[in-house]
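This report refers to the structure that appears directly beneath it.
The values are calculated or read from the model by the stated rules, or taken from the named source; none is laboratory data. Note that the coordinates shown come from a computational prediction; the quantities given were computed from them, not determined experimentally. Heads up, the Cβs are rebuilt from the backbone with ideal geometry, glycines too, and the neighbour counts pull from every protein chain shown. For the accessible areas, the whole protein counts, side chains as well, though only heavy atoms, and no ligand, DNA or RNA atoms are used. Shrake-Rupley method; radii C 1.70, N 1.55, O 1.52, S 1.80 Å.
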Amino acid sequence: MREATPTEVRRDFDSGMPDLRLPRSVVVIGAGLSGLAVAYELANRGCDVTVLEASGRAGGRAYTLREPFADGLHAEAGAMTLTPHCHYAMHYLRELGVGLETADLVGTTFSYFMGSRLFTPDRESLEQAGLPLAPHEKTLGVEGMIDRYVRDTYQALQPDITAPDWTVTPLLGRYDQRSVYEVLTDRGASPVAVDLMEPHFLEMRGGDLKTASALSWLRHEASPHSLTNADPRWSKVKGGTDRFPQAFAERLKDRIRYRKPVVRVAQDAERARLTFLDQGRLQTMEAERVVVTVPFSAVRHIDFTDAALSDAKHDVMRRVKYSSIVRVYLQMSSQFWPQRNASFSTDLPVRWIRDATPQLPGPRKILECLMTGWRARAVAVMSAEERLRFVLDQVETVLPGARDHYETGTSVVWDQQPYIEGAYILPELGHSALMPVIRRPEGRIHFAGDHAAFEPNGGSMTFALESAARTVLELGRGSGEQQP
Ligand SMILES: Cc1cc2nc3c(=O)[nH]c(=O)nc-3n(C[C@H](O)[C@H](O)[C@H](O)COP(=O)(O)OP(=O)(O)OC[C@H]3O[C@@H](n4cnc5c(N)ncnc54)[C@H](O)[C@@H]3O)c2cc1C
């Protein structure tokens with residue numbers, strides 16, 4: 001059976017996904033947002049659904065840190081920002097009664113700290129900083145550079161690049177074989193201009209400019225989800241992103257079984273069989289269908305030897321790469337820096353420093369440092385205490401007084417988060433062709449999760465939820481019914 005297109009999934013979802021002939025029993029592996037949404041839709045339609053979750057909480061990468069902070073402060077370890085175009089996320093937030101507030105990224109005072117100088121992205125400030133820009137870049141300002149090197153590039157790829165039901169056309173395919181860095185420098189960007197633009201479109205996605213596919217990046221940049229297209233309607237979940245998965249989990253109650261890591265999935269013509277760990281014992285469970293939402297960064301912990309998966313699926317499970325991201329949080333006794341909603345992109349290993357509590361009343365504040373790529377992997381090998389000290393020393397360079405105001409801190413190393421082991425998928429050269437293989441059901445086994453999204457830059461709650469809708473439709477419309 002042909003795979004539904006994104007437009008078809010959205011149309012069916014918006015009309016309430018009627019006329020589904022669902023299997024009697026389904027086991028969902030993983031209680032991240034995608035697994036929760038699949039289970040929620042199935043449970044509402046009377047299906048016998050069980051969610052097996054390896055950890056002790058629901059939400060996966062929708063994860064809010066509340067400790068060790070004082071005064072009820074909290075910070076996001078994973079997902080945070082929503083745009084009005086996050087159709088599936090907005091649908092469920094409304095349905096579950098979860099509130100929103102303005103995103104931290106709206107109205108930031110954004111500055112650079114490079115070569116030990118502080119400056120802003122406008123033309124005058126760049127000129128005063130005396131950066132070695134190419135002659136034609138000196139009058140552009142960072143916004144002008146983004147226009148010239150990014151917006152002009154994707155405009156030339158219209159309408160293919162923003163098509164809702166997009167495919168890798170011959171025109172787009174050429175960009176899947178080139179890195180982001182190549183595309184930018186071929187268009188005349190100097191290395192300094194690349195450094196200045198990077199935080200505006202890449203740092204957030206953990207991009208590795210020299211290995212990331214330019215096609216995936218351009219698709220993201222051309223979308224309303226790109227930071228370069230941010231507007232005041234961008235939002236975040238009021239009180240912390242974890243309220244979103246918790247709202248799902250409350251409705252699913254005892255259908256979710258925590259601390260039950262699945263270690264084996266098998267299938268034959270009659271059933272799918274799962275083996276999972278339950279308080280030190282191996283247990284088995286059978287179902288008509290299984291939905292695997294485990295990120296492919298952690299899927300190797302499950303044995304699929306007797307699952308009759310295609311060679312292509314095994315291959316893609318091995319090849320897909322995830323971004324490395326580390327976030328470090330420093331609780332400060334007060335806001336000792338002058339900028340409101342401060343955000344600094346630096347050329348220090350600490351990379352990005354921002355006020356992670358711009359909406360909270362204070363006086364205490366949390367400063368967050370976000371590292372990606374090799375910088376993230378470098379701090380990942382430090383002990384938790386070393387990491388805090390290392391980061392605090394660098395924050396002191398940018399914001400003198402940091403040491404005196406520091407009270408406590410913590411960090412999250414996504415590569416080391418059990419059962420997740422990466423931040424989100426980072427498409428490398430040629431990887432766009434792998435995406436349909438990730439999504440494809442194999443007999444009784446279906447695949448949801450942000451990596452199984454239609455978009456190559458899946459790292460997004462709404463794309464994870466879209467993959468859940470696609471999977472529910474697959475389950476109810478008989479896709480994947482040919483048996484192994
Ligand atoms: C640093 C960071 C920043 C982000 N920022 C944003 C943002 O601003 N906006 C946005 O929309 N999105 C953002 N995202 C992306 C967003 O968090 C994810 O796309 C989304 O939460 C993924 O949901 P999921 O269900 O696909 O996977 P996950 O949330 O990873 O859920 C998978 C679940 O499977 C469980 N599991 C794994 N293995 C097993 C096993 N063997 N047995 C049982 N259970 C298992 C895991 O414990 C986990 O709970 C960010 C992510 C990160 C890491």
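With a cut-off of 13 Å on the backbone N, no residue of the stretch 136-152 is near the modelled label site 7 Å out from ARG174 along Cα-Cβ.
Considering only beta bridges that DSSP places wholly inside the chain, some 70 percent are antiparallel.
If you take all other residues with their beta carbon under 15 Å from the beta carbon of LYS253, and give Lys and Arg +1 and Asp and Glu -1, the sum is 0. Accessible area ranking (1.4 Å probe, heavy atoms, ligands and nucleic acids excluded), largest first, for GLU286, GLU8: GLU286, GLU8.
Along the axis of the charge dipole computed for the stretch 121-229 (Cβ charges of +1 for Lys and Arg, -1 for Asp and Glu, origin at the Cα centre), the listed residues THR228, PHE201, SER213 are led at the positive end by SER213.
Could you give the alpha-carbon Rg of the stretch 121-229 over 2.2 N^0.38 Å, rounded to two decimals? Mind showing how you got there, number by number?
Values: Rg = 13.9 Å, N = 109, 2.2 N^0.38 = 13.1 Å.
That ratio works out to 1.07.
For the pair LEU96 and THR211, label points projected 7 Å from Cα toward Cβ lie 3.3 nm apart. Among LYS210/LYS238; LYS238/LYS260; LYS260/LYS313, which pairs are too far apart, with a Cα-Cα distance over 32 Å? Beyond 32 Å between Cα atoms: LYS210/LYS238.
So what's the net charge close to VAL316: Lys and Arg +1, Asp and Glu -1, counting the other residues with Cβ under 13 Å from its Cβ? Before the final figure, lay out the partial values.
Numbers: positive: ARG300, LYS313, ARG318, ARG319, LYS321, ARG439, ARG440; negative: ASP311, ASP315, GLU428, GLU442.
Charge balance near VAL316 sits at +3.
Restricting the calculation to Cα atoms, the stretch 1-125 shows an Rg/Rh of 1.10 when the hydrodynamic-style radius is the Kirkwood one.
Given Cα pairs under 8 Å that are at least 6 residues apart, what percent is the relative contact order of the stretch 121-229?
On the way: 105 pairs, mean separation 34.5, N = 109.
Worked out over the stretch 121-229, it gives 32 percent.
Mind checking which of ASN457, VAL395, THR410 is farthest towards the positive end of the stretch 389-484's charge dipole, using Cβ charges of +1 (Lys, Arg) and -1 (Asp, Glu) about the Cα centre? Working it through, the farthest residue towards the positive pole turns out to be ASN457.
Using only alpha carbon positions, build the gyration tensor of the chain, then give the equivalent ellipsoid semi-axes as the square roots of 5 times its eigenvalues, largest first, whole angstrom.
On the way: eigenvalues 294, 142, 78 Å².
Semi-axes (√(5λ), whole Å): 38, 27, 20.
Split the accessible area of the stretch 285-428 by element, probe 1.4 Å, and carbon with sulfur accounts for 50%.
Tell me whether the stretch 288-403 comes out rounded, prolate or oblate; compute the Cα gyration tensor, take square roots of the eigenvalues as a ≥ b ≥ c, and use a/c under 1.5 as the rounded threshold.
Prolate, because a/c is 1.5 or more and a/b exceeds b/c.
With a 1.4 Å probe and all protein chains left in place, how much of the accessible area of the stretch 121-229 comes from carbon and sulfur atoms, in whole percent? Walk me through the intermediate numbers first.
On the way: 2380 of 4480 Å².
Answer for the stretch 121-229 is 53 percent, counting heavy atoms of protein chains only.
Taking only C-alpha pairs under 8 Å that are 6+ residues apart, what is the relative contact order of the chain in percent? It would help to have the intermediate numbers written out before the result.
On the way: 951 pairs, mean separation 113.3, N = 484.
That works out to 23 percent.
Average accessible surface for the chain: 40 Å² per residue, computed with a 1.4 Å probe over protein heavy atoms with every protein chain in place.
Between ASP71 and ARG300, full extension at 0.36 nm per residue minus the direct alpha carbon distance yields a gain of 78.4 nm.
Show me 260-272, 423-435 ranked by packing, highest mean number of other Cβ atoms within 10 Å first.
Numbers: 260-272: 18.0, 423-435: 21.5.
Ranking the peptides 260-272, 423-435 by packing returns 423-435, 260-272.
Here's the picture: charge each Lys and Arg Cβ at +1 and each Asp and Glu Cβ at -1 in the chain, and of VAL26, SER15, CYS369 the one pushed furthest to the positive end of that dipole is VAL26.
In terms of solvent-accessible area of protein heavy atoms at a 1.4 angstrom probe, what is the ranking of ASP242, ASP303, highest value first? Mind dumping the intermediate values first?
Details: ASP242 20, ASP303 60 Å².
The ranking, largest first, comes out as ASP303, ASP242.
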